[in-house]
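The structure appears below as structure tokens.
The values are calculated or read from the model by the stated rules, or taken from the named source; none is laboratory data. Worth saying up front: this structure is predicted, and the values here are computed from it rather than measured. Backbone-built Cβ (ideal geometry, glycine too); neighbour counts: all protein chains shown. Note: areas computed on protein heavy atoms with side chains; ligands, DNA, RNA excluded. Shrake-Rupley method; radii C 1.70, N 1.55, O 1.52, S 1.80 Å.
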Amino acid sequence: MNLTAAELLERQSTGDLSAEAITQSFLARIQQVEPKLRSFLAVDEAGALEQARAIDAKRRRGDAMGILAGVPIAIKDVICVQGQRATAGSKMLEAFVPPYDAHVITRLKEADAILIGKSNCDEFAMGSSTENSAYQTTRNPWDLERTPGGSSGGSAAAVAASEAPLALGTDTGGSIRQPAGLCGIVGLKPSYGRVSRFGLIAYGSSLDQCGPFAHDVRDSALLLEVIAGHDSRDSTSVDRPVPQYAKVVESPVQALVIGVPREFFNQPGAQATGGLDAEVERSVRDALKVYESLGATIKEISLPHSPYSVAVYYLVATAEASSNLARYDGVHFGHRAKEFAGLIDMMKKSRGEGFGAEVKRRIMLGTYALSSGYIDAYYLKALKVRRLIRQDFDRAFAECDVIVGPTSPTAAFKIGEKTGDPLAMYLSDIYTISANLAGICGISIPCGLTKTGLPIGLQILGAPFTEEKLLRIARMYERETDWHKRRPAV
Ligand code: GLN
């Protein structure tokens with residue numbers, strides 16, 4: 001079923017479709033394409049059908065319906081759903097069945113959405129290709145030889161291939177926007193504090209945010225409206241009113257000023273940081289022309305510290321990961337080795353067996369950056385540069401409404417292409433990472449296809465808590481183009 005969430009809601013209200021028929025159709029699609037794509041770690045067929053029937057019964061009774069009634073959604077496997085295994089893509093959590101729902105899941109249940117399954121991801125959300133999952137490699141529906149991006153690659157592939165109209169992901173350094181870009185769909189990273197992380201398996205706590213994947217901006221607005229808002233169980237969640245995103249998304253922003261960072265593009269004689277591909281650059285420049293034709297002013301700006309963002313991120317994120325992942329010791333949480341000699345040996349073996357290579361690398365890097373003697377030179381220095389990165393954005397947003405550029409330097413890369421070179425993999429996040437360091441919001445929307453038919457993402461960044469404006473601006477472009485309507489042939 002190729003319909004968007006808005007269309008599914010409409011068809012149910014007119015009586016054309018039931019939630020059960022919708023669910024059955026998506027389950028059939030999953031069965032058809034999963035052998036090729038492997039987007040899901042678990043599909044809850046029985047549970048989804050049961051939810052659908054309950055929603056249909058509710059409608060028959062004439063009860064008030066939730067705002068996502070009867071719409072299936074895929075959930076990244078770092079998000080806890082009561083009674084369903086949450087592995088975070090790791091062997092460490094192979095047997096973990098959360099006894100509670102994450103805040104975002106409670107919200108989805110209240111909205112009558114249908115939880116259709118848990119989607120694949122890089123282990124503990126560490127990666128940019130979903131190849132770090134301990135269970136399987138998800139493929140890009142546009143080209144099965146290529147990765148869907150990561151770490152929320154399963155969620156992005158599921159939506160792109162119409163296995164589900166919506167999905168949730170998490171974004172610590174780009175893990176929603178980058179896979180959305182590489183899979184030709186819309187992905188939004190909310191501002192830090194906009195969405196509660198209660199019930200999310202933590203990676204980098206000063207960076208993590210949960211957000212929507214969808215086919216278009218309208219559906220993204222709808223899903224954000226459901227999950228955003230204050231929750232006392234996450235002390236970083238901010239108590240600010242949640243706008244009616246889905247309603248306001250249609251009104252264009254007047255006198256729009258778009259900032260374009262010179263550091264993001266190739267200059268005569270100098271390549272952009274991260275090596276921007278010429279085809280990607282052309283599509284982004286074309287998108288800017290669309291905005292110009294709508295009356296927007298394009299203004300060159302500078303984010304002078306953006307070249308340091310990858311370096312800063314890999315100190316801050318690894319430091320926080322080393323601390324967050326300390327709880328997986330075979331006692332508090334996680335896999336426990338079968339044979340050991342004493343407590344220390346048990347912990348060593350449990351962690352050695354439970355974690356994959358990339359997670360171990362990050363724990364070691366982070367522990368080193370925090371160790372006495374090095375903390376000043378690495379971690380604390382990184383925090384200072386992080387502040388400068390935030391100040392760059394504050395200055396920029398004083399002169400423009402949003403900042404526009406590419407989501408990723410290239411279209412989807414081949415499976416295996418970067419696995420041997422962690423640094424090359426890290427550099428693929430060059431444009432997304434600074435938003436997490438600064439706590440601002442960002443969205444990736446489809447803006448083109450390469451000559452070989454791979455999607456290209458346009459990233460739009462907004463000041464903290466301006467999701468409403470961000471969505472309206474993204475929708476302005478979407479109305480003029482049809483990239484979001486293209487579907488892969490899988
Ligand atoms: N690719 C980045 C990393 O590996 C970002 C991941 C994320 O946003 N979860 O850490």
Original post:
Over the Cα atoms of the range 223-350, how large are the radius of gyration and the largest Cα-Cα distance (Dmax), in Å?
Top reply: 23.7, 71
**OP:** Leaving ligands, DNA and RNA out of it, rank 329, 376, 345 by accessible area with a 1.4 Å probe, largest first.
**Re:** 376, 345, 329
**OP:** Filter the chymotrypsin sites (Phe, Trp or Tyr not before Pro) in the range 289-346 down to the DSSP loop ones having no more than 15 other Cβ atoms within 10 Å, then list what survives.
**Re:** 340
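Once you've got the Cα coordinates, tell me which of 289/485; 76/381; 189/360 are over 24 Å apart.
Values: 289/485 20 Å; 76/381 33 Å; 189/360 26 Å.
Result: 76/381; 189/360 exceed 24 Å.
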Original post:
Roughly how many Å is it from the Cα centre of the range 57-89 to that of the range 285-338, as a whole number?
Top reply: 28
Original post:
Tell me, what HN-Hα J-couplings in whole Hz come from the Karplus equation 6.51 cos²θ - 1.76 cosθ + 1.60 at θ = phi - 60° for each residue of the range 392-406, using x for Gly and Pro?
Top reply: 4, 5, 4, 5, 5, 6, 6, 10, 8, 6, 9, 10, 10, x, x
Subject >> Mean Cβ count within 10 Å, highest first, over the residues of peptides 96-103, 250-257 >> reply: 96-103, 250-257
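Show 194, 327, 475, 487 ordered by accessible area, largest first, where the area counts protein heavy atoms only and the probe is 1.4 Å.
Sorted by accessible area, descending: 327, 487, 475, 194.
Work out the FRET efficiency for residue 371 and residue 302 from their Cβ-Cβ distance, taking R0 = 41 Å, and round it to the nearest 0.05. Mind showing how you got there, number by number?
Values: r = 35 Å, r/R0 = 0.86.
It comes out at approximately 0.70.
Helix-derived [θ] at 222 nm for the chain: sum -39500 (n - 2.57) over DSSP H runs of at least 4, divide by residue count, nearest 500? Could the numbers behind the result be given before it?
Working: 16 runs with 184 residues, N = 490.
So the helix-based figure for the chain works out to -11500 deg cm²/dmol.
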Original post:
Which of the peptides 16-25, 199-208 is most tightly packed, and how do the rest follow, going by the mean number of other Cβ atoms within 10 Å of each residue?
Top reply: 199-208, 16-25
Original post:
If the cut-off is 12 Å between C-alpha atoms, which aspartates and glutamates fall inside it for residue 338, apart from same-chain ones fewer than 8 positions away?
Top reply: 353
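Would you mind putting 230-237, 436-443 in packing order, based on average other-beta-carbon counts within 10 Å, highest first? Intermediate results must be reported in sequence, preceding the final value.
Numbers: 230-237: 14.6, 436-443: 27.1.
In decreasing order of mean packing, 230-237, 436-443 become 436-443, 230-237.
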Subject >> Given charges at Cβ of Lys, Arg, Asp, Glu: the chain dipole, positive-most of 305, 95, 212 >> reply: 95
Original post:
What do you reckon, how do 8, 315, 343 stack up by accessible area (1.4 Å probe), largest on top?
Top reply: 343, 315, 8
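At 1.4 Å probe size, with every protein chain present, just tell me what the per residue accessible area of the chain comes to in Å². Don't skip to the end; give the middle numbers.
Details: 18100 Å² over 490 residues.
Ligands and nucleic acids excluded, the result is 37 Å² per residue.
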Original post:
In the range 253-335, carbon and sulfur make up what percent of the accessible area (probe 1.4 Å)?
Top reply: 53
Original post:
Quick one: of the DSSP bridges fully inside the chain, what percent are antiparallel, nearest 5?
Top reply: 65
Original post:
Once phi is turned into ³J(HN,Hα) by the Karplus curve 6.51 cos²θ - 1.76 cosθ + 1.60 with θ = phi - 60°, what whole-Hz value does each residue of the range 452-463 show in order, with x for glycine and proline?
Top reply: 8, x, 9, x, 10, x, 9, 9, 10, 10, x, 4
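Calculate, for residue 97 and residue 205, the FRET efficiency according to 1/(1 + (r/R0)^6) with r their C-beta to C-beta distance and R0 25 Å; round to the nearest 0.05.
Values: r = 23 Å, r/R0 = 0.93.
Using R0 = 25 Å, I get an efficiency of 0.60.
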Original post:
Per the 1.4 Å probe, what fraction of the accessible area of the range 64-170, in percent, lies on carbon and sulfur atoms?
Top reply: 48
**OP:** Just report the Cα centroid separation between the range 10-56 and the range 128-191, whole Å.
**Re:** 20
**OP:** Treating only the Cβ atoms of Lys and Arg (+1) and Asp and Glu (-1) as charged, compute the dipole magnitude of the range 239-367 about its Cα centre; round to the nearest 20 debye.
**Re:** 440
**OP:** Taking a cut-off of 14 Å between Cα atoms, list the aspartates and glutamates near residue 109, but don't count ones fewer than 8 places away on the same chain.
**Re:** 50, 101, 225
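For the range 144-199, which semi-axes, largest first and in whole Å, follow from the square roots of 5 times the eigenvalues of its Cα gyration tensor? Mind showing how you got there, number by number?
Working: eigenvalues 82, 28, 16 Å².
Here the semi-axes work out to 20, 12, 9 Å.
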Subject >> Additional length obtainable on full extension of the chain from residue 398 to residue 487, 0.36 nm per residue less Cα span >> reply: 28.3 nm
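If you take the C-alpha gyration tensor of the chain, multiply each eigenvalue by 5 and take the square root, what semi-axes do you get, largest first, in whole Å?
Semi-axes from the Cα gyration tensor: 31, 30, 21 Å.
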Subject >> Among 293, 254, 184 - extreme Cα towards positive end, dipole of the range 184-313, charges at beta-carbon >> reply: 254
Subject >> Per-pair calculated FRET efficiency, R0 = 45 Å: residue 337 and residue 60 via Cβ, rounded to 0.05 >> reply: 0.25
Subject >> Set of aspartates and glutamates near residue 349 by C-alpha distance (under 12 Å), chain-local residues within fewer than 8 positions excluded >> reply: 329, 339
